[in-house]
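A quick write-up on the structure given underneath.
The values are calculated or read from the model by the stated rules, or taken from the named source; none is laboratory data. Keep in mind the model is a prediction, meaning the values are calculated, not measured. Backbone-built Cβ (ideal geometry, glycine too); neighbour counts: all protein chains shown. Calculation scope for accessible area: heavy atoms of the full protein, side chains included, ligands and nucleic acids excluded. Shrake-Rupley method; radii C 1.70, N 1.55, O 1.52, S 1.80 Å.
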Amino acid sequence: MSRVSIAALAGSAALFMGAQAFAQQAGSDKATASPGFGASVSDVVGARVQDSFANVGQTLYDHGVTVSSSYTAEPAGNPVGGISRGATYAGQVYFGLDIDLGKMLASQAAKDTYVHFAMVDRQGIQLSRYYIGSSIGPQEIYGIQSVHLAVFTLERKFFDDRLDVTVGRSPANIAFLDSPIYCHFMVNSTCGNPALIYFASNFSGFPSSSWGGDVKAWLTDKIYLHGGVWEVNPLDHDQAYPWGIWSTANATGAIVPFEAGYATSFKNDDLPRHYQIGGWVDRSSYTSPIYSENGGFAAINGQPYATLFGRSGVWARFDQMITRPDPHSNRGLTVFGVFMSATSGQPVMQQYYELGLLQQGTFAGRDADTLGFVVNLEKWSDNALNNVRLARATVGSFTKPPPYMVMMELNYGWQITPAVQLSPNLQAIINPDNLNEPKRASNIPSAFIVGFKLNVDLAKAVGIGAEDISRNERQQKVF
């Protein structure tokens, strides 16, 4: 059976279970988890199955094991603009385990020590690859379309959780430049991370894992310092290696991200907020966006692009809740933003700007629904733009490429059941770049996109979900 078939079956099962849960919750006259007289056979059987899974989940949790699993589907199409009109699907099945060794081993020595494991199976293709042409697409779940190990780490907390150390195999982007806000959106310039980091460094993105780790130290309950280091190994991104490359023989260097932050949550702030400043030093090899190995222009002389070493950059990020009508509810409006800039080396993208709004709780009785809007601007480097100009000149075109690309999304997150969320969205890509096809003689027309993001929490759908112990950091999450 193919991976696509497996994913389709998993998604179908998840949707069926979600629909069953929704049907059970639709009216007060329906059976609950303990159906009484008058309940249908399917209600009774469904409740007993849910109870059985819930008992399994609770037993595992009591022994230190938390199971997480989800199915995400992201169909999208561009009825206007791009290279041509079309539609594609990208999807992911996720499976994770978080193990509390102190609880599992009943050992005081292992207290505050956790093992984290996650694998994914990704399918489908990115709409931008065939129909829009831009180097960043509208479907964030695309990348390494195969079965792949995403996380296998050991985490230890010290000094009453004020020092958190994690080492092992993981992507750098789950520790840095991440936010629970970002993946309320489907556009890949926002979720999972602000896009510049992948155009100005060898920062590893989920699910591509490599050797590394990070240390976070809370100076107070709201102020922290955070730093990490990850190996850069090009083979870790190769979908032909589902477990990654554990040897460092092919490594080309390392990347070091760092930041200082101020963070609050509903536990210690009426209007939670996060403010961060940080950056990275990338001491690894990368490909020049314009020059060839012999010092000329690769687009002109046809020689391979030069291999260079070392880049760096900075970022500033924030999110701030600005309205909260009910102090006993998490409903409210949050504004967020990002600024990033490359500071050395030869990046493809020079600067990145983002601003967005997320409203949690929309209409009466829809406290878990969200309404979101985000817009970001990617400013390309002079080297990247000149490479396109030179490549176009070889085919007789002197059309200037646009110096920036703007991507935006408007969506509504409909929480159908506690386990199922559907987010229809409208997106626009203004000035799609020509970086992947620099010899295209003309600029690509701006594109309008219609998409749907479906996320099903498989563990929660069957009642096996338990308290999340994955990277349970102090005062961090807003939502």
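Here are the numbers for this structure:
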read-out	value
Virtual paramagnetic centre 7 Å along Cα→Cβ of D270, amide N under 13 Å, in region 297-334	322-329
Inverse mean reciprocal Cα-Cα distance (Kirkwood Rh) of region 265-309, Å	14.1 Å
Charge dipole (debye, nearest 20) of the chain; +1 at Cβ of Lys and Arg, -1 at Cβ of Asp and Glu	880 debye
Rounded percent of accessible protein surface that carbon and sulfur make up, region 140-252, 1.4 Å probe	64 percent
Inter-probe distance in nm under a simple model that places probes 7 Å from Cα toward Cβ, at D62 and D382	6.8 nm
The chain: calculated mean residue ellipticity at 222 nm from DSSP helix runs of at least 4, using -39500 (n - 2.57)	-4500 deg cm²/dmol
Along each principal axis, Cα extent of region 171-278, largest first, Å	48, 32, 24
Rounded tilt (10° steps) of 3-25 against the dominant C-alpha axis of the chain	40 degrees
In nm, spacing of pseudo-spin labels at V215 and T323 (7 Å Cα→C-beta vector)	4.4 nm
Phi to ³J(HN,Hα) by Karplus 6.51 cos²θ - 1.76 cosθ + 1.60 over region 441-456, Hz, x for Gly, Pro	6, 10, 6, 7, x, 4, 10, 10, 10, 10, x, 9, 10, 10, 10, 10
Alpha-carbon centroids, region 163-203 and region 84-126: separation in whole Å	15 Å
Anchor K103: aspartates and glutamates whose Cα lies under 19 Å away (excluding residues fewer than 8 positions away in-chain)	D62, D112, E155, D160, D161, D164, E467, D468, E473
1.4 Å probe accessible area per residue over the chain, in Å²	44 Å²
Between helix 41-62 and the chain: long-axis angle, C-alpha atoms, 0 to 90°, nearest 10	70 degrees
The chain - Debye-derived log10 I(q)/I(0), Cα point model, q = 0.05, 0.11, 0.14 Å⁻¹	-0.20, -0.99, -1.61
Carbon/sulfur fraction of accessible area - region 341-400, other protein chains in place, 1.4 Å, %	60 percent
A106 versus A393: modelled label distance in nm, points set 7 Å from Cα along the beta carbon direction	7.6 nm
Nearest 10 degrees, 0 to 90: helix 382-393 Cα axis against the chain principal axis	60 degrees
Restraint check, K400/K439; K222/K267; K111/K157; K216/K460, Cα-Cα greater than 18 Å	K216/K460
